[in-house]
Every structure is written in structure tokens, then in C-alpha cells.
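As C-alpha cells, the structure follows; a few thoughts come after it.
The values are calculated or read from the model by the stated rules, or taken from the named source; none is laboratory data. Since the structure is predicted, the reported quantities are computational estimates derived from the model, not experimental observations. Quick reminder, even Gly has a Cβ in these numbers, built from the backbone with ideal geometry, and neighbours come from all protein chains shown.
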Amino acid sequence: MKIAVLVKQVPGSESVLPINEGQSWINEDPVTFVMNPPDNFALEEALLIKERKGEGEVVVVSMGPNRVQKVIREGLAKGGDRGIHIEEDEPIETDPLVIAKRFAAVLKDENFDLVLTGLQSDDTGMGQTGVLLGEILGMPTATLAIETDIQGESIRLKRELESGWFQWVQFPLPASVSIQSGLNTPRYPSLKGIMGAKKKEIKTVLGSELDASSRSQSIDKVFVSQTSKQTEVIDGDVDVAVQRIAEILRSEIKVV
Amino acid sequence: MNILVVLEDNQGSLHRLSREAVAGAQKLGGSVTALAIGKNAGSLASELSSYELEEILTVEHDLLSSYSADGYSEVVTQVIQSKSPKTIVVGHTYQTRDFMPRVSAKLDIPFIPDIISLSDEGFVKQVLNAKLNASVSSESDQIILSFQSAAFNDEEMITGSSAITPFDVELDVSSVRSTSEEPFQEAAGDVDLENAELLVSVGRGIEKEENVHLAFDLAEVIGAEVSASRPVVDSGWVDSFRQVGSSGHNVAPKLYFSLGVSGAIQHVVGMKGSKNIIAINKDPEAPIFELSDYAIVGDVLEIVPKLIEALKN
């Protein structure tokens, strides 16, 4: 069982996000980066599948500038067997098709049985990579998996639908599956894992050498959203705030 | 045809986001064709028959009796190849996220997802956990767009007339590789969140399971139901049938009173239609405050007990 897990490095949820000078993205200098939280669930699921099978290989794959080696190393510390780094010059690639084509170029000759991705990335949130990649590699795909069950040469998945509905689907391997967050409890790396990860292989491939296709969509500008809503901010003394909320409920929204 | 809207079957009737997608497509301008797929295609199409559409294509096939990513992406691909629309529009739903990227990759058409509005500079979507917006554009001559919940108002659909035309597709058994079992619901519960007039919604800021009673106590005092955000449900503190957001319920109550909900995009799509929003959160930067009418910066654990006392008096 050979499993590829795609992990992205993204700004942490607590990080500052200053917009850069050209307004094209954020200025990364003060940003704290973390493993994209949804990908952490995909990584854990890959490790659990390997452990349940009692054999296999989990390959941690990431794309981005040099800094993303940190999340690959984190994946290896948690139990990944080796890493692949698709090195990009740009701080961030925002075109999902370009991203998927580059991953496909690297993964196609590896003959993975299963490709796992997280639900979506916390930075651009395009939520497409796993499905695009599956299509390009000729694999069946599914998204929002909340339970996985390898049955011989096929995989059976519980998928989350909307409004509290679920569905089981099954298809043959190899396949690309995107994982819904919350389906497992991602482990922390052990000290032994961290030490061991230093010796594990990370292969670096240059992204610019993989795919010549031109950019088909791009993020041109980022900006702070301007809401039209008039928001009353209530800040400061707790008792004053409580009185004001009680008044809003009684006299303004009239629900009490 | 300029624009193709792919409709979604929500258990026999048209998905709300498909109606909004039609409204959005009409706003983009040009002639709009809709596509209904599957065993309910006829009834979905008839729901749109009194709106201004060039035509409504219906596709039925034995292999499309239940949804599959393979089947649906193949159908949409064949329709695009036959009709050559410039723009393909869908609602941003779990189902379209599941199969539209396949269409994008099959035909090499860029897919700009989760659009909240149109601007002169491009399509606006939220990025970085909804803390910033981004405008996205494409130079491709064909694009796929998905519109987030409430990006457009389905009441603004332009009325008129349209013809329903069956469209033939070629599908064989080998093109649908998955088998799907019947969808089912877990822990349905007897709470009708979607019709509740008042909701007290509990988020991660409640900190511990022992504190969740504060939400129920406040709800009791004001006669509200209790809903929750996903992290709280995932932690097992509140039943999953109370979840609001993209994986839970869509609500639009008279009052949405959120306690320690940060306002992640997946939650916000399920509640932003609420008439009045009060939010308490320790983090003054919490995204929930942006759509709140009343933003209370403070500790839920400190404020709520005092508020309950104040309301009882």
C-alpha cells in the first residue's frame, strides 16, 4: 500500500497577515507558518491506513518555497517514510490547475495506490487539488471522506453530504481521496520520531522544470473586506456590556 | 449559449444555491442555459420553467440514477463540448466541489470557486480563513465559477419563459467506477434549527464541555434553540444535529446570538442570512464581528452568567 499525502504550509490561524506592498498577497516576513490543519487529518489518516494494513509506505509531498521543508519534516517525524518537495520560486502558486499538473508530473511514475489530500487550504481555499490530480492521473476521486476502509483492491468511504447526511461509496484503487477535517485525532511527533525524521529522505524537484503551461487563473489583489453592516462594538467593562446586551434583547430586537 | 448553469438535485427539488447560481448567471449577462441531471431532472427543470432562460437541458440515464463524480463530470463535459459555453456556473456546494474540478481538469478550463461577489477587477473570494478578500481573474476564454451561499439573491431571478430540451449523453458502465449506497442521516434529533426564530450558537470560545450549559441556560431564558459550530460538535460537546455551517444546517433566524464562535467561513455560510447577529468573542479580530450587528469583545464565560442574571431580573 503506497500512499501519497499532500500537505501545504499555510499561515497559522493566529498569525498576523499584513498585505504586501503590491497588494498581490501578504508580506510573509512576520508570518508564522504551520501545516495546513485539514492536511494534518489527511496525514493522520494515511498513517492509520498503513498501520491497519501492517505494511506500506507513506510519502509526504509538498509544494512551495524552501520553507515548506519544515512541514514535510513534520510529516516524517509523525511517521511518514519519505518526502518529496516540489520547489517553487514564488512564495505561493494560486492557480489550482498549475498546482495539480505539477503534482501529477511528480506522482505519475510513482504508482501510488492512494493519494490523500485535506479538504482545502487555509490560505487560498480553492479546495480542488485532490480532485484535479485524480482526474489527471485517471483515478476515481471522492471528497469529504470521514471514514476510510481499504477492502483489497478497492476503497470504501463514508462521505459527508450536506445538512447532516452521509453516504458510503466504493471504488477501485488507485484513487485520490480528500479528507474531511475532524475524522481522526492527529498525533504529535514523538522525540524518537523527530530524531528519526532527520535521516529520512526528502527528494527535491524544481517546479519550474515540471510544467510549462501558462497560468490560467490568478489572484490579482488582496484586500480587507468592507462590510456594509453597521456594527456596534461593545468593549470594556463587563457589567456595562451586560446591561447593554440586555437592553438590545429587550428593546431593539425585542426577544425578551 | 454564453452561460451554462449546472443545477443540483436536493432530494427531488432544486438546491437553493442552484437558484442563486441562476440569479448570478443572469446578472453576468448574456443568454443562460440550465442543465438538470439525473432521475429528477424533469422536475428540477420545471421549477425553472417560468424564468428567463434560453433553454433547460435535461439529462437522464440509468447510470445517473444516483450521483457519482464520474457520471456527473462526464455529463457536464459532454454538454460543454457540445454547446461551448463561455462561462459555466454552479452553486458552491459539497456536490459541485466533488465533481466540478474533474470537469476543469478534463477540459483544462480554470475553475474559480467560492465567489462571494463580482467586482470590476474580477471575482471576489475570501482567503486566509476569511480574514482577507481576494480578486481572482482568468485570461482563459472559458471559465467555471462557483458562487457561495447568498452571493446572489434567488428572489432576483428574472422571470420569463424557457423551453425544456432533453440532451443525450453517451455513458457506458466503465465510465462510472464508483458504487454508491443510499444516503442516510445520523442523529437526526428533534430540533428544528432551520425554522427556529432565535438561536444561541456555541463555538470553541466556550473552552470546555462543562461550560456548554451556559448556552443552554441563556437559550432557555430567551426562548431560543441551541446551535453550534463544527469544532464544538467534533469535540463531542454538542450533538451533530445542532451544527450550523456548510456541513450542517443553513439558518436565518431573527436572532443569531453567538458565544465564542470565531466565524470561520464554513460556519458563516450557514448563518449569514440571520436578521440580527450578536456575537461575543475575546478576539477583537474574530471574523464573526464583521457580519455582526452587535460585537461584544469579551469573555463568554464572564459575560453570559451575568447576562442570564440580568435577564431574569
**Request:** Determine which member of the set B:Glu220, B:Glu210, B:Glu197, B:Glu182 is of a type in the set (Asp, Glu), more than 19 Å from the chain's Cα centre (by Cα) and under 15 Å from B:Ile277 (Cβ atoms).
**Result:** B:Glu197
**Fill in**
Of (1) facing chain A (nearest Cβ under 7 Å); (2) surrounded by fewer than 22 Cβ atoms within 10 Å (Cβ to Cβ); (3) of a type in the set (S, T, N, Q), B:Ser119 fails just (1)
**Item:** Residues within the range A:133-152 that are touching a strand residue (DSSP E or B) at 6+ places or on another chain (Cβ under 6 Å) and among the charged types (D, E, K, R), tallied
**Value:** 2
**Prompt:** Can you name every residue in the range B:76-99 that is touching a Ser or Thr at 6+ places or on another chain (Cβ under 8 Å) and more than 8 Å from chain A (Cβ to nearest Cβ)?
**Reply:** B:Lys83, B:Pro85, B:Val89, B:Val90, B:Gly91, B:His92, B:Thr96
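The rows are residues; the columns are (1) away from chain A (no Cβ under 11 Å); (2) in contact with a strand residue (DSSP E or B) (Cβ under 6 Å, 6 or more places away or on another chain).
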position	(1), (2)
B:Glu156	yes, no
B:Asp168	yes, no
B:Ser178	no, yes
B:Asp192	yes, no
B:Phe216	yes, yes
**Asked** Inside the range A:85-197, counting only helices (runs of 4 or more DSSP H) that do not spill past its ends, which hold 2 or more residues that are within 11 Å of another protein chain (Cβ to nearest Cβ)?
**Response** A:96-107, A:129-136
**Request:** Return only the number of the condition from (1) modelled with pLDDT of 95 or more; (2) facing chain A (nearest Cβ under 10 Å) that B:Lys254 does not satisfy.
**Result:** (1)
**Fill in**
Subset of the range B:91-150, residues basic (Lys, Arg) and within 26 Å of B:Met271 (Cα to Cα), comes to B:Arg97, B:Lys125, B:Lys131
**Item:** Options B:Val212, B:Val202, B:Val226: the member that is crowded, with 21+ Cβ neighbours inside 10 Å, more than 24 Å from B:Leu17 (Cβ to Cβ), touching a Phe, Trp or Tyr at 6+ places or on another chain (Cβ under 6 Å) and more than 11 Å from every other protein chain (Cβ to nearest Cβ)
**Value:** B:Val226
**Prompt:** How many of the residues making up the range B:1-21 are over 14 Å from the mean Cα position of the chain (by Cα) and buried (at least 23 other Cβ atoms within 10 Å of the Cβ)?
**Reply:** 4
**Message:** Out of the helices (runs of 4 or more DSSP H) lying entirely within the range B:199-313, which hold 1 or more residues that are outside the structural domain of B:Asn129 (by TED's automatic domain parsing) and under 26 Å from A:Val16 (Cα atoms)?
**Reply:** B:230-234, B:265-268, B:300-312
**Asked** Of all residues in the range A:207-256, how many are assigned to a loop (DSSP other than H, G, I, E, B), more than 8 Å from chain B (Cβ to nearest Cβ) and at pLDDT 85 or above?
**Response** 3
**Request:** Sort through B:Gly24, B:Gly12 and tell me the only one that's over 12 Å from B:Ile144 (Cα atoms) and in contact with a strand residue (DSSP E or B) (Cβ under 6 Å, 6 or more places away or on another chain).
**Result:** B:Gly24
**Request:** Just need a number here: residues in the range B:122-137 that are within 18 Å of A:Val98 (Cβ to Cβ) and either outside the structural domain of B:Gln26 (by TED's automatic domain parsing) or surrounded by fewer than 21 Cβ atoms within 10 Å (Cβ to Cβ) (or both).
**Result:** 2
**Request:** Kindly indicate the residue of the range B:100-111 that is over 18 Å from B:Glu8 (Cβ atoms) and among the hydrophobic types (A, V, I, L, M, F, W, C) and also farthest from the other protein chains (Cβ to nearest Cβ) among those meeting that condition.
**Result:** B:Leu107
**Asked** Is it the case that some residue within the range B:34-49 is at pLDDT below 95 and out of contact with any Lys or Arg (no Cβ under 9 Å at 6 or more places or on another chain)?
**Response** yes
**Item:** Top-ranked residue in the range B:257-313 [being charged (D, E, K, R) and more than 7 Å from chain A (Cβ to nearest Cβ); ranked as surrounded by the fewest Cβ atoms within 10 Å (Cβ to Cβ)]
**Value:** B:Lys312
**Asked** Only one of (1) touching a residue at least 40 places away in the same chain (Cβ under 8 Å); (2) of a type outside the set (Phe, Trp, Tyr); (3) buried (at least 24 other Cβ atoms within 10 Å of the Cβ); (4) over 21 Å from B:Asn10 (Cα atoms) fails for B:Gln78. Which number is that?
**Response** (3)
**Message:** Could you check the range A:48-67 and list, in sequence order, the residues that are surrounded by fewer than 21 Cβ atoms within 10 Å (Cβ to Cβ) and either under 29 Å from A:Asp89 (Cβ atoms) or hydrophobic (A, V, I, L, M, F, W, C) (or both)?
**Reply:** A:Leu48, A:Ile49, A:Pro65, A:Asn66, A:Arg67
